[in-house]
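Nothing in this text is a laboratory measurement; each read-out follows from the coordinates by a stated rule. The structure displayed is predicted, hence computed values, not measured ones. Here the Cβ positions follow ideal geometry from the backbone for every residue, glycine too, while neighbour counts run over all protein chains shown.
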């Protein structure tokens, strides 16, 4: 059950990453220069309430992590961060196939 949830989160993050990458690609072609939307801009455009809630929660519980870590992640391109999140959850949910093979006794 938990593997299914982790894979679903991974799939959702992958879909949103592809959408963000597609939007950046369209904007890059129309501007004739590379356009990479930072995660903070994309997140605040999509849901300004949740970014404020998460920022407030991080600043209350981990104030020392806000400046170096969270601000760096929020300044990275949205598609890259979401691809990394997708890969992270997929790796956690991954189960190696048996060494002996599928048809062993």
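Structure above, values below:
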{"quantity": "C-alpha long axis of helix 2-31 to longest principal axis of the chain, angle in °", "calculated": "40"}
{"quantity": "Order of 7, 61 under a 10 Å beta carbon neighbour criterion, fewest first", "calculated": "61, 7"}
{"quantity": "Compactness of the chain - radius of gyration and Dmax, Cα, Å", "calculated": "17.9, 60"}
{"quantity": "Nearest 10 degrees, 0 to 90: helix 78-93 Cα axis against the chain principal axis", "calculated": "20"}
{"quantity": "Helix-only mean residue ellipticity at 222 nm for the chain, each DSSP H run of n ≥ 4 adding -39500 (n - 2.57), per residue, nearest 500", "calculated": "-22500 deg cm²/dmol"}
{"quantity": "Relative exposure of 103, 12, 62, 89, judged by other C-beta atoms within 10 Å (fewest first)", "calculated": "103, 62, 12, 89"}
{"quantity": "0 to 90° range, to nearest 10: angle between helix 48-61 axis and the chain longest Cα axis", "calculated": "80"}
